[in-house]
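Rule-based calculations on the coordinates, nothing more; no lab input. These figures come from a predicted structure and were not determined experimentally. Note: ideal-geometry Cβ built from the backbone for every residue, glycine included; neighbour counts use all protein chains shown.
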Amino acid sequence: MIEIKKHSGIYTLTVMQQLPIGLSEAWEFFSSPKNLERITPDHMGFIITSGKPGKMYPGQIISYKVSPLSGVKTSWITEITHVKEGEYFVDEQRFGPYRMWHHEHHFEENDQGVLMTDKVSYKIPFGFLGSIAQILFVKKQLKGIFEYRVKVLDEMFQKG
């Protein structure tokens with residue numbers, strides 16, 4: 001399930017995915033920033049520029065290069081602001097293409113494995129022009145990125 005809602009000028013994208021793996025395997029994979037490259041579409045040109053970070057921790061700064069639009073490269077710097085081992089972690093943009101980016105990653109063990117929920121709250125810069133960009137391509141691009149992740153993760157963990 002992927003949905004985007006708007007509230008008070010902020011958009012919230014929510015993605016829920018059931019994975020047929022244990023909580024420890026899910027946590028080990030998703031809490032390692034180096035795996036972001038594996039689950040990001042190639043056309044995004046996603047590269048971690050701060051080296052291959054090890055185990056995440058609150059306060060960790062990670063820098064990337066990413067191409068949100070064809071031919072346009074930008075730097076993106078995030079901070080891991082919260083970590084509760086085996087349950088959730090949060091990354092927030094410190095510098096990048098969004099006016100605000102707050103990404104929560106939640107993990108809940110159940111009978112089928114792990115339910116993973118991504119909740120991304122974001123705000124686009126440029127006021128009215130940003131709202132038009134959201135309608136014309138940002139919403140579609142974000143949905144596409146997360147649809148790609150769902151597909152890759154299903155293939156990686158051999159679901160379906």
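Taking 0.36 nm per residue of separation and subtracting the current Cα-Cα distance, fully stretching the chain between residue 139 and residue 2 would add 48.2 nm.
Applying the criteria of a DSSP loop state and at most 14 other Cβ atoms within 10 Å to the GluC sites (Glu not before Pro) of segment 57-160 yields 85, 87.
Run the numbers for residue 67 and residue 16: contour at 0.36 nm per residue of separation, minus the present Cα-Cα distance, in nm. Could the numbers behind the result be given before it?
Working: separation 51, 0.36 × 51 = 18.36 nm, distance 2.51 nm.
The residue 67-residue 16 span can extend by a further 15.8 nm.
Taking the Cα centre of segment 106-160 as the origin, how large is its charge dipole in debye, to the nearest 20, when only Lys and Arg (+1) and Asp and Glu (-1) carry charge on their Cβ atoms? The dipole of segment 106-160 has a size of about 460 debye.
On C-alpha positions alone, give me the angle between the axis of helix 139-156 and the longest principal axis of the chain, in degrees, nearest 10. Roughly 20 degrees between the two axes. Taking packing as the residue-averaged number of other Cβ atoms within 10 angstrom, the listed peptides 26-39, 124-137 run from highest to lowest as 26-39, 124-137. Listed values (1) 15.9, 52; (2) 15.4, 45; (3) 20.1, 57 include one computed from this model; for Rg and Dmax of the Cα atoms in Å that value carries the label (2).
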